[in-house]
Amino acid sequence: MRNPKFNKEEIIAAGIELQKQNKTVTGNAIALSLGGGRPDRFKSIWEEYLMSQQERANNEVAEYHLSPDLEDEFYNLSDSLIKNIKSILIDCEKRMNQQATARIEHEQLTCNERVLAMEESLKDANSLINKQEDKIEDLISKQLAFKEEQSTISELEKQQAILTNKIDSLNESLKDKDRLILEQKARIEDLVNFESLLAKQSITT
């Protein structure tokens with residue numbers, strides 16, 4: 001079996017160098033830094049290194065103990081620090097509650113104003129709708145009256161046409177009668193003239 005091209009020390013050194021450069025350490029990043037190799041192997045070795053470093057740090061913390069005096073000072077300091085932190089947290093919570101309450105009151109006031117404005121707008125809209133409905137009813141009434149007038153006018157026009165036909169017929173009858181009267185007048189005049197002529201002849205004979 002062929003030995004790996006890069007040993008663990010070289011791989012770990014490459015990962016540490018990448019950390020110093022604030023770069024993410026991955027198997028591919030180590031392979032690019034070394035100029036070759038298997039990224040999956042590099043990743044495995046680097047993760048083992050990180051785990052060993054973490055275990056070492058944990059062991060160092062577990063093995064180190066403070067002296068009794070420093071331990072007492074630490075606990076006293078911890079109690080005082082906790083009290084200070086608690087006081088700060090209480091003050092922060094009060095301020096946050098006050099700010100939240102003020103914000104909620106402001107939002108409620110704003111919402112109430114918006115509701116009142118919307119109610120006024122709704123009243124105006126309802127008033128306008130009622131006025132429009134009154135106008136619509138008035139227009140419908142006028143439309144019906146107009147249709148009735150049109151129907152009446154149409155009926156009157158029919159009656160006028162009938163009367164016009166009757167008048168035309170009567171005019172024709174009158175013309176016929178006038179013509180007959182003129183004819184009779186002419187005949188009467190002829191007869192009168194003829195009678196006068198006979199009377200003159202009778203006188204001369």
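The values are calculated or read from the model by the stated rules, or taken from the named source; none is laboratory data. Given the structure is predicted, the values throughout are model-derived calculations rather than measurements. Counting neighbours? That spans all protein chains shown, and the Cβs are built from the backbone with ideal geometry, glycine included. Accessible surface areas use protein heavy atoms only, side chains included; no ligands, DNA or RNA. Shrake-Rupley method; radii C 1.70, N 1.55, O 1.52, S 1.80 Å.
Annotation: extensible slack from Gln53 through Ile140 equals 22.0 nm (criterion: 0.36 nm per residue apart, minus Cα-Cα distance).
Simple spin-label estimate for Lys175 and Lys94 gives 12.0 nm between the two label positions (7 Å along the Cα-to-Cβ direction from each Cα). Rolling a 1.4 Å probe over the protein chains gives Thr152 an accessible area of about 80 Å².
Let a ≥ b ≥ c be the square roots of the eigenvalues of the Cα gyration tensor of segment 147-205; is it rounded (a/c under 1.5), or, if not, prolate (a/b larger than b/c) or oblate?
On the way: a/c = 15.26, a/b = 10.23, b/c = 1.49.
It is prolate, given that a/c is not under 1.5 and a/b is the larger ratio.
Accessible area per residue for segment 97-205, computed on protein heavy atoms with a 1.4 Å probe, is 95 Å².
Taking N as the number of residues in segment 91-199, what value does Rg over Cα atoms divided by 2.2 N^0.38 Å take? Could the numbers behind the result be given before it?
Working: Rg = 45.8 Å, N = 109, 2.2 N^0.38 = 13.1 Å.
Expressed relative to 2.2 N^0.38 Å, the Cα Rg reads 3.50.
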